Amino acid sequence: MSVVCASAPAKINLSLNVAALGDDGYHPLQSLVVFAAIGDDLRFESAPKLTLNIDGPFGSNLAGASDNLVWRAARALQETTNTTLGAAISLTKNLPIAAGIGGGSADAAAALRGLNTLWQCGLSPRDLEDIAAGLGADVPVCVQSRPRFMRGRGQILDDISPWPDLYAVLVNPGIAISTKEVFARFDDFGAGNVLNGLAPKPTKDVDAALAQLAMLDNSLTQAACAQSPAIGALLATLARHDPTALVRLCGSGATCMAIVRNAAAATQLKQALRAEFSQYWVVATLLRGTCSFI
Ligand code: C5P
């Protein structure tokens with residue numbers, strides 16, 4: 001096989017409960033994670049050495065190849081499998097950068113999946129998750145990109161199945177946010193926080209899922225709003241436009257989301273937001289209850 005394509009769906013934390021900083025420099029967390037129907041696209045073609053080409057709407061916002069997570073994922077897989085094979089990698093960046101929706105992590109995970117196939121390494125999803133853990137806290141959950149309850153620093157993954165498809169509108173105000181800085185602010189505000197121990201119960205029913213999500217929040221919201229006041233304003237705007245929606249910060253921000261009842265409500269909200277904020281990135285998307293690849 002000489003060409004392999006892989007999609008890198010956006011990672012969405014439906015809940016994010018964070019505890020105080022641990023001795024390892026990371027915060028223990030609990031998070032219900034699902035994946036959107038939108039994402040970046042990767043293509044891998046057999047080549048004598050590794051190269052990385054980046055394009056797409058947000059491609060120009062990315063730093064050079066060697067510190068890109070895709071590059072680091074490819075090198076990590078080469079090292080683990082002792083392969084000298086190369087690949088010409090193309091990354092089409094459709095997702096905003098440093099946006100709290102795991103773009104870089106999803107790209108790295110897609111690179112592990114795609115190159116595992118291209119190079120016929122034969123590693124299992126579990127093996128890939130182990131390599132992923134060395135690349136970043138959010139990379140393991142992106143390997144299989146299906147609903148998971150994530151714990152530890154992000155490396156402990158329990159399936160949540162069944163879980164329904166949900167409709168959401170994602171909005172990014174064009175502000176890049178450093179995850180590290182938001183966690184540092186969280187320490188200023190929230191040191192001493194403990195995990196609430198609330199694990200979501202699998203369900204097929206949308207109303208039952210939404211009722212559970214209403215009880216769960218994102219612990220980083222206050223810190224992210226302090227980092228960038230535009231985030232608080234955006235959360236308030238979403239709630240004003242659709243008072244029935246579940247409005248949440250995505251990850252460490254600055255993307256915010258409104259989870260709505262159906263596709264029609266998502267389209268209506270998307271159109272209203274695009275009319276109000278022509279400069280913002282606004283998409284209506286399905287948050288998948290299952291995963292169609294791997
Ligand atoms: O692992 P990753 O590089 O994606 O994490 C970025 C930063 O976010 C880390 O350096 C750490 O400061 C913070 N972080 C954390 N606790 C987590 C995940 C990330 O403190 N569970």
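The values are calculated or read from the model by the stated rules, or taken from the named source; none is laboratory data. What you see is a predicted model; the values in this text were computed from it and never measured. Note that we place each Cβ from the backbone using ideal geometry, even for glycine, and neighbour counts take in every protein chain shown. In case anyone asks, the SASA skips ligands and DNA or RNA and just uses the protein heavy atoms, side chains included. Shrake-Rupley method; radii C 1.70, N 1.55, O 1.52, S 1.80 Å.
Residues that are under 21 Å from Gly154 (Cα atoms) number at least 1 in the following helices (runs of 4 or more DSSP H) confined to the range 195-294: 206-214, 221-227. With the requirement that a residue be under 12 Å from the mean Cα position of the chain (by Cα), away from the ligand (no atom under 16 Å from the Cβ) and under 26 Å from Ala87 (Cα atoms), what does the range 1-15 give you? Pro9, the sole residue that qualifies.
Inspection of the range 16-31 finds no residue satisfying the criterion of being open to solvent by less than 60 Å² (accessible area, probe 1.4 Å) and away from the ligand (no atom under 16 Å from the Cβ).
Within the range 123-169, being within 14 Å of the ligand (Cβ to nearest atom) and of a type in the set (Lys, Arg) holds for Arg151, Arg153.
Considered as a group, the residues in the range 64-101 that are at pLDDT below 95 and open to solvent by 60 Å² or more (accessible area, probe 1.4 Å) include one that is nearest to Ala254 (Cα to Cα), and that residue is Asp67. For the range 147-164, the condition of being touching a residue at least 12 places away in the same chain (Cβ under 8 Å), open to solvent by less than 10 Å² (accessible area, probe 1.4 Å) and of a type in the set (S, T, N, Q) holds for none of the residues. The residue that is farthest from the ligand (Cβ to nearest atom), counting only those in the range 171-193 that are open to solvent by 50 Å² or more (accessible area, probe 1.4 Å) and not hydrophobic (A, V, I, L, M, F, W, C), is Gly174. Is it the case that some residue within the range 221-229 is touching a Lys or Arg at 6+ places or on another chain (Cβ under 6 Å), at pLDDT 95 or above and of a type in the set (Gly, Ala, Ser)? Looking for residues that are touching a Lys or Arg at 6+ places or on another chain (Cβ under 6 Å), at pLDDT 95 or above and of a type in the set (Gly, Ala, Ser), one finds at least one in the range 221-229, hence yes.
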